[in-house]
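A quick write-up on the structure given underneath.
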Amino acid sequence: MTLSFAEILLYMGALAILFLTPGPVWVALVARAVSGGFHAAWPLAMGVVVGDIIWPLLAIFGVSILVEVYADFMTILRYGGAVILIWMGAKTIRNADKPLVADGRLNAKGMWAGFTAGLMVIIGNPKAILFYMGVLPGFYDVNNLSGPDIGVLCLVKGIEPLTGNVIIALSV
């Protein structure tokens with residue numbers, strides 16, 4: 001394993017900040033917990049875990065191939081990520097006075113519905129996309145990560161948000 005304990009702690013700190021930033025996962029989790037209690041929310045949390053493990057794998061394997069082919073790809077990706085964040089912030093401010101619209105898909109009945117809602121929420125979460133495609137490759141040289149390194153990164157990415165999501169679901 002090439003990652004040091006300090007590097008893993010740094011990654012865990014970044015994930016904690018990412019988790020503590022409210023986003024669509026929190027909305028979906030609260031919607032499921034309010035509509036059906038913890039029993040309805042935990043499958044969503046498990047779907048989020050699967051998506052949370054998919055993102056670093058895509059970032060590590062997908063971005064490393066792109067970086068090899070296109071040397072300036074990471075610079076373009078960072079600026080593109082900044083533009084998307086600015087656009088999202090402007091859109092949020094512009095629509096701040098509009099009422100929220102209910103979406104029944106987030107609280108559909110059944111464990112499979114909860115699991116797939118969790119998976120889709122995290123796969124479509126722009127915060128996760130920007131973190132993994134723009135930030136993760138800045139933490140580590142993705143071309144030099146070993147199998148155990150990738151395993152540890154995925155394990156940490158699965159366990160840390162799962163713990164937080166279960167705490168939120170139990171709290172609601």
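Yes or no: region 64-75 includes at least one residue that is at pLDDT 75 or above, open to solvent by 20 Å² or more (accessible area, probe 1.4 Å) and either over 30 Å from Ser4 (Cα atoms) or outside any loop (DSSP other than H, G, I, E, B) (or both). So far as region 64-75 goes, no, none of its residues is at pLDDT 75 or above, open to solvent by 20 Å² or more (accessible area, probe 1.4 Å) and either over 30 Å from Ser4 (Cα atoms) or outside any loop (DSSP other than H, G, I, E, B) (or both).
Are there helices (runs of 4 or more DSSP H) fully within region 90-159 with at least 3 residues that are open to solvent by 60 Å² or more (accessible area, probe 1.4 Å), at pLDDT 70 or above and within 19 Å of Val27 (Cα to Cα)? List them. Quick ask: steps written out before the conclusion?
Details: elements: 111-123, 126-130, 136-139.
The helices (runs of 4 or more DSSP H) meeting that bar are 111-123.
The values are calculated or read from the model by the stated rules, or taken from the named source; none is laboratory data. If you're wondering where the values come from, they're calculated on a predicted model, not measured in any experiment. Each accessible area value is taken on the protein alone, full model and side chains, heavy atoms only, with ligands, DNA and RNA left out. Shrake-Rupley method; radii C 1.70, N 1.55, O 1.52, S 1.80 Å.
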